[in-house]
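*Asks:* The following block contains the structure, expressed as structure tokens.
The values are calculated or read from the model by the stated rules, or taken from the named source; none is laboratory data. Keep in mind it's a predicted model, so treat the numbers as computed, not measured. Here the Cβ positions follow ideal geometry from the backbone for every residue, glycine too, while neighbour counts run over all protein chains shown. The protein model used for the area step is the full one, side chains on, heavy atoms only, and it has no ligands, DNA or RNA in it. Shrake-Rupley method; radii C 1.70, N 1.55, O 1.52, S 1.80 Å.
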Amino acid sequence: MFVYNDFAEFEVAILVTAMRATKHSLTTVGPTRATVTSIGRLSVQPDAGLADIDAADYDALIIPGGVPTPLLENPLLADLIRTMGARDSLLAAICGGPALLGAAGALDGVRYTASLGPDDDAYAGIVGRGTQLAQPLVVDGNIITATGSNYLGFAEEVLRHLDGASTITPLTYFREVTLA
């Protein structure tokens, strides 16, 4: 998962928690190994920086939304996205995160969604890229995108893709209110 200053931690919190119950491990990758601060003011020490990782070692790249604008022209991030996309690795982005996919060219010829409009600075990453749909969740091949308010659906779709099971509902616990 890519973490950066002002990333929206709440958009991936359920996914991160649910991943603990799977066979998958989570590596946080920042622009560098320097601590980043989320939009909710949580400090996160990335496990690695972009320069430290090899795309071949990972099955997926998850990009939370937030304020990605300063990273739209980051060459290491764009290279990681392009390399993983070329390997058909899962690219999953929520809210403003698709701007980073778009800036790297990963949305060209792809249907996607995002919580971005012309008034958002990060819109520059998606303008003229693929086809933006007014839907809460869009899956197109190896790319999953979601609007920021659909973090539960986003988490479920990422888990389904990672496990190769399109019919499971992995987050029933979070959907059903209980008294205990």
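*Asks:* How would Ser38, Ser115 line up by accessible area, probe 1.4 Å, largest first?
*Replies:* Numbers: Ser38 0, Ser115 50 Å².
Reading off the accessible areas and sorting them downward yields Ser115, Ser38.
*Asks:* From zero up to wherever the largest Cα-Cα distance of the chain sits, split into 10 Å bins and tell me the percent of pairs in each.
*Replies:* 10, 41, 38, 10, 1
*Asks:* In debye, nearest 20: dipole of the chain around its Cα centre with unit charges on the Cβ of K, R (+) and D, E (-)?
*Replies:* Around 260 debye, computed over the chain.
*Asks:* Once both labels are modelled 7 Å past Cα along the beta-carbon direction, what's the Thr37-Asp79 spacing in nm?
*Replies:* Placing both labels 7 Å along Cα→Cβ, they lie 3.0 nm apart.
*Asks:* For an R0 of 25 angstrom, estimate the FRET efficiency from the Cβ-Cβ distance between Asp54 and Ser149 and round to the nearest 0.05. Each step should come with its number before you reach the end.
*Replies:* Numbers: r = 34 Å, r/R0 = 1.37.
Given R0 = 25 Å and the Cβ-Cβ separation, E is 0.15.
*Asks:* Here's something else I'd like to know. Running a GNM on the chain with Cα contacts under 10 Å, which residue among Arg82, Arg20, Arg160 ends up with the highest mean-square fluctuation?
*Replies:* Comparing Arg82, Arg20, Arg160 in a Gaussian network model of the chain, the most mobile one is Arg20.
*Asks:* To continue, here is another question. Antiparallel DSSP bridges in the stretch 1-110: what percent, to the nearest 5? Mind dumping the intermediate values first?
*Replies:* On the way: 3 of 10 bridges.
In the stretch 1-110, DSSP labels about 30 percent of beta bridges as antiparallel.
*Asks:* Which of Thr113, Thr83, Thr145 moves the most in a Gaussian network model of the chain with Cα springs under 10 Å?
*Replies:* In the Gaussian network model the winner is Thr83.
*Asks:* Something else about it: If I compute solvent accessible area with a 1.4 Å probe over the protein chains, what percent of it on the chain is carbon and sulfur?
*Replies:* On the way: 4400 of 8770 Å².
The nonpolar share, carbon plus sulfur, comes to 50 percent.
*Asks:* While we're looking at this one, here's another question. Give me the 1.4 Å probe accessible area per residue for the stretch 42-136, excluding ligands and nucleic acids, in Å².
*Replies:* Working: 4310 Å² over 95 residues.
Accessible area per residue, the stretch 42-136: 45 Å².
*Asks:* Still on this structure, I have one more. Select from Pro75, Pro46, Pro98 the residue whose mean-square fluctuation is largest in a Gaussian network model of the chain (Cα-Cα springs shorter than 10 Å).
*Replies:* In the Gaussian network model the winner is Pro75.
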